[in-house]
Amino acid sequence: MTDRKVRVRFAPSPTGPLHIGGVRTALYNYLFAKQHGGEFIFRIEDTDSNRFVEGAEEYILESFRWLGIDFDEGVSFGGNYGPYRQSERRDIYKKYVKILLDAGKAYMAFDTPEELDRKRNEIENFQYDATTRMAMRNSLSLSADEVESLLQSGHQYVVRFKVEPGEKVVVNDIIRGVVTIDSSILDDKVLYKSADELPTYHLANIVDDHLMEVSHVIRGEEWLPSAPLHVLLYRAFGWQDTMPQFAHLSLLLKPEGNGKLSKRDGDRLGFPVFPLEWHDPKSGSVSSGFRESDYLPEAVINFLALLGWNPGDDVEIMSMSELVSKFDLAKCSKAGARFDYKKMIWFNHEYILRKSDSEIAKIFMPVVKAHGVDVAEPLLEKIVSLMKGRVNFVHELWDACSFYFIAPTQYDEKTVKKRWKSDSAQKMEELATLLQGLEDFSIENQDKAVHAWIEEKGYGMGEIMNAFRLALVGEGKGPQMFDISGLIGKEETLARLRRAIMVLG
RNA sequence: GGCGCUUUCGUCUAGUGGCUAGGACACAUGCCUCUCACGCAUGGAACACGGGUUCGAUUCCCGUAGGCGCUACCA
């Protein structure tokens, strides 16, 4: 069993956009699979027909494509264990429901939702279990004839798992160790609904994981309470020897305040909680995504990997392949992790720094074009190399460097007051004359000539450069001056200087 | 309410029966400098509480408190 082939799965239900916590769960599964040379399966758990949302499945697939998490088999990937969409596996589940029924490990229950509601109102903390099942309407409490006639008349029913009370159920969790619970606290879970001829999560999950030969179940902590039930189900089918190993991941929490991370937190604090932008087909509302918010997928992956896991060293920037080799389920933290979106922004900044200028220029080019500016790629790369260190997002590059493309039409008031003195116009006039006379307008040559002139005249470096900057940029910020004048060229430099002299006087 | 999980700087975390409890983000200060950033340096900042066990507990045990989750014919 220990040398079993590693096969793990990510099995979302297509009920909407993929939550960032789900992305992390998928990532951990992926890292684990890759590290062990195993397979990663994409399964769709659409057993709740009421909650199905159009487009969700494609959205999830697209999200993983963007993030660089790929699957080996499953919906849209093929494989030998299909179909991988649970709604297409009805007949399989029916067969296994029958096995449980025939073995007396499950039973049919005819109680209507209304009857159950009434019971819950009558009895505080009502639970459908060994203590109450004989008082309900099911194949255990009713006679065979009654059951038969109910069935004949087309009465809808559910199949419930018959949990035997008073048993210690042990779940061995890779992250949490041994977790023991008393089966008496478990209820007789609904396994199957005749209404839509579909199983519930618990049955479908166990049957599929078994049939698909899943070796490890890595999922969110919200499943920990039902893990004992799952163990009981594996036993009921006699599959305990090939039962997957469990690992329950801690949840992602709000950046501040109480509770788990929600879409609202993102809206309130200004960060996405979904990988891609999502347009809800029902409400028409739009939720922002990491991709559209200009996060680099590598940064999102890196950040997520470290949210609840740590390799034990001080290295924080890691590529996907480094993550694959270092990842360790046993080192996952047990407590929930607050979603530190500021650190995520820092990761994005780091990845911008690490990517080549040409890669960033390629991402930035459409932004430039959208502003109606046409620029050659080599020039944009130079600008990117000068500016990328000062932004957290690629789109911020525009505000930081638009002066390269568009001459200032107005001058920042504060900067004018601070940097444009009464003799600035005259000095800039001198500078313009000097620059105009330069045959060689290279950055190096300008630097040499201007420095010599400043020294000769006894001017201050700051007064000249800052006024010069104001003339070319319109503000008091930007890279070294000759990195600006050199790139925009002699003609443009002189035009901007003259305009500033004219306007500012 | 019941059951389960959990608890190291504000946040993500490393770590150990004896350490000045380490790193990163954020924050502050300084340096660099033609500005703004980057960068570099420095600083403040944590073992939830109460009992044990022990020569000694942040570390092991038990309680308490806080946090999180589950408690559906949802996953």
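The values are calculated or read from the model by the stated rules, or taken from the named source; none is laboratory data. Computed from a predicted structure; not experimentally measured. Methodologically, a virtual Cβ is constructed for each residue, glycine included, from the backbone with ideal geometry; neighbour enumeration extends over all protein chains shown.
Key figures for this structure:
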quantity	calculated
Residue check, A:Val8 touching a Gly at 6+ places or on another chain (Cβ under 8 Å), assigned to a loop (DSSP other than H, G, I, E, B) and β-branched (Val, Ile, Thr)	no
Condition check for A:Arg264: surrounded by fewer than 18 Cβ atoms within 10 Å (Cβ to Cβ) and closer than 22 Å to A:Met108 by Cα	no
Close pairs (7 angstrom Cβ cut-off, 6 or more residues apart or separate chains): within 29 Å of A:Asp267 (Cβ to Cβ) and acidic (Asp, Glu) in the range A:320-346, more than 6 Å from RNA strand B (Cβ to nearest atom) and assigned to a loop (DSSP other than H, G, I, E, B) anywhere	A:Asp340/A:Pro255
The range A:409-422 - residue that is touching a residue at least 40 places away in the same chain (Cβ under 8 Å) and assigned to a helix (DSSP H, G or I) and, of those, surrounded by the fewest Cβ atoms within 10 Å (Cβ to Cβ)	A:Lys414
Total residues in the range A:90-136, condition basic (Lys, Arg) and in contact with a Ser or Thr (Cβ under 9 Å, 6 or more places away or on another chain)	2
Number of the condition not met by A:Ser442 [criteria: (1) within 47 Å of the chain's Cα centre (by Cα); (2) free of Cβ contacts under 8 Å to residues at least 12 places away in the same chain]	(2)
Filter result for A:Lys254 (buried (at least 17 other Cβ atoms within 10 Å of the Cβ), within 11 Å of RNA strand B (Cβ to nearest atom) and among the charged types (D, E, K, R))	yes
Every residue from the range A:166-178 that is within 13 Å of RNA strand B (Cβ to nearest atom) and outside any strand (DSSP E or B)	A:Ile174, A:Ile175, A:Arg176
All helices (runs of 4 or more DSSP H) inside the range A:217-335 with 1 or more residues being at pLDDT 95 or above	A:227-237, A:297-305, A:320-326
Pick from the range A:191-217, criterion surrounded by fewer than 22 Cβ atoms within 10 Å (Cβ to Cβ) and free of Cβ contacts under 8 Å to residues at least 60 places away in the same chain, ranking: farthest from RNA strand B (Cβ to nearest atom)	A:His210
Matching residues, the range A:76-125, being more than 15 Å from A:Asn205 (Cα to Cα), among the basic types (Lys, Arg) and modelled with pLDDT of 95 or more	A:Lys98, A:Lys105
Subset of the range A:66-107 (residues that are assigned to a helix (DSSP H, G or I) and either surrounded by fewer than 13 Cβ atoms within 10 Å (Cβ to Cβ) or polar (S, T, N, Q) (or both))	A:Gln86, A:Ser87, A:Asp91, A:Lys95, A:Asp102
Per-region count, the range A:45-65, residues hydrophobic (A, V, I, L, M, F, W, C) and either buried (at least 18 other Cβ atoms within 10 Å of the Cβ) or away from RNA strand B (no atom under 16 Å from the Cβ) (or both)	4
Candidate set from the range A:129-145 (those that are within 12 Å of A:Ala109 (Cα to Cα) and free of Cβ contacts under 8 Å to residues at least 12 places away in the same chain); member that is surrounded by the fewest Cβ atoms within 10 Å (Cβ to Cβ)	A:Met134
Selection count where residues are within 8 Å of RNA strand B (Cβ to nearest atom) and surrounded by 12 or more Cβ atoms within 10 Å (Cβ to Cβ), scope the range A:443-462	1
Test: residue in the range A:115-128 that is touching a residue at least 40 places away in the same chain (Cβ under 8 Å) and either within 12 Å of RNA strand B (Cβ to nearest atom) or out of contact with any strand residue (DSSP E or B) (no Cβ under 9 Å at 6 or more places or on another chain) (or both)	yes
Residue check, A:Leu380 crowded, with 18+ Cβ neighbours inside 10 Å and either of a type outside the set (Lys, Arg) or assigned by TED's automatic domain parsing to the domain that holds A:Ile484 (or both)	yes
Condition check for A:Ile484: at pLDDT 95 or above and either aliphatic (A, V, I, L, M) or surrounded by 18 or more Cβ atoms within 10 Å (Cβ to Cβ) (or both)	yes
Filter pass, A:Phe327 being surrounded by 14 or more Cβ atoms within 10 Å (Cβ to Cβ) and more than 12 Å from RNA strand B (Cβ to nearest atom)	yes
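For every residue, the table says whether it meets (1) without any contact (Cβ under 8 Å) to a residue 40 or more places away in the chain; (2) surrounded by 15 or more Cβ atoms within 10 Å (Cβ to Cβ).
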{"residue": "A:Val367", "(1), (2)": "yes, yes"}
{"residue": "A:Gly372", "(1), (2)": "yes, no"}
{"residue": "A:Gly389", "(1), (2)": "yes, no"}
{"residue": "A:Ala407", "(1), (2)": "no, yes"}
{"residue": "A:Ser424", "(1), (2)": "no, yes"}
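Each row is one residue, and each column tells you yes or no for (1) within 16 Å of RNA strand B (Cβ to nearest atom); (2) surrounded by 15 or more Cβ atoms within 10 Å (Cβ to Cβ); (3) part of a helix (DSSP H, G or I); (4) β-branched (Val, Ile, Thr).
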site: A:Phe441; (1), (2), (3), (4): yes, yes, no, no
site: A:Ile464; (1), (2), (3), (4): yes, yes, yes, yes
site: A:Leu472; (1), (2), (3), (4): yes, yes, yes, no
site: A:Leu494; (1), (2), (3), (4): no, yes, yes, no
